[in-house]
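Here is the structure we will look at, set down as structure tokens.
The values are calculated or read from the model by the stated rules, or taken from the named source; none is laboratory data. Because the structure is predicted, anything quoted here is derived from the model rather than measured. Counting neighbours? That spans all protein chains shown, and the Cβs are built from the backbone with ideal geometry, glycine included.
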Amino acid sequence: MSTPLADTTNPDLGLLYAVNGLAKRSPQWLDHLVSWIGEYGILIGLAMLGLVAWLQARRRPDAPVAVAGLLWVPLSVAIAELANLPIAAIVNRPRPFVDHSGLLVLVDGKAGTHSFVSDHSTMTMGVAVALFLVNRRLGWIAGGLALLQGFCRMFMGVHYPTDVIGGFALAAAVVLLLAPIAMAVLVPLCHALSRTAVAPLIRAPERGGAGPRGRRRGRERRAVRSEEQPPESDLAA
């Protein structure tokens, strides 16, 4: 038996019907495209953004700090998803098409799962907020993808608007509240790893060569960059 939250307010349900109504008026190929984007495409796009962010972070003067921030991205998403498990069980909100007829559902296999909070919205906004702390340009792009994800979930008829907003809020809270604790652990870890055999994963090798002269030139270039370039993120500050 569902909780009273299943009885949505008119604005919540009205917005869902408005967005899902676009799917009814769209050609079938567009419905299939949006369904694929909403299920897999945006997550793949965020993974590619993460790869780009890592390649850039390795070349920054504060590479260990930047890479530590990127490690927080998947960790924060995992924590947010774990936090969502008891929330979903307590709220016990069924999918919108269970209680409301007239919705066009574009994906199968969702009837027996919880609607609040949206897992996809939580994941995408978690990536966006955590990535923004390291690389603001890529973070803005990820934020746009997260908003698109929320739209797609309503277009597909599998989430209320408040499910999406709840996912966004949960992800942002986990990322921002736990970031100081996470960075206190991850930054020393990445500094330590930068002095081991896995150092290329933390810091890009210098192009000046491996000899003493090359290392000296590399240290000089890093010193110049650290003076000339402002930090790109709050975590790297």
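Here are the numbers for this structure:
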read-out	value
Residue within the stretch 203-226 that is at negative phi and at pLDDT 90 or above present	yes
Counted residues, the stretch 110-142 - those being over 14 Å from L46 (Cβ atoms), part of a loop (DSSP other than H, G, I, E, B) and in contact (Cβ under 8 Å) with a residue 12 or more places away in the chain	8
Residue match in the stretch 181-200 (condition: farther than 27 Å from L55 by Cβ, surrounded by 16 or more Cβ atoms within 10 Å (Cβ to Cβ) and at pLDDT 95 or above)	no
Test: residue in the stretch 57-64 that is at pLDDT 95 or above, crowded, with 22+ Cβ neighbours inside 10 Å and not charged (D, E, K, R)	no
Condition met for N92 (touching a strand residue (DSSP E or B) at 6+ places or on another chain (Cβ under 8 Å), surrounded by 13 or more Cβ atoms within 10 Å (Cβ to Cβ) and not acidic (D, E))	yes
Candidates L145, L104, filtered to the one that is among the hydrophobic types (A, V, I, L, M, F, W, C), in contact (Cβ under 8 Å) with a residue 60 or more places away in the chain and under 22 Å from V52 (Cα atoms)	L145
The stretch 1-56: number of residues that are of a type in the set (V, I, T), under 25 Å from R93 (Cβ atoms) and at pLDDT 90 or above	4
Evaluation of F97 against (1) assigned to a helix (DSSP H, G or I); (2) modelled with pLDDT of 90 or more; (3) not small (G, A, S) (one fails), failing number	(2)
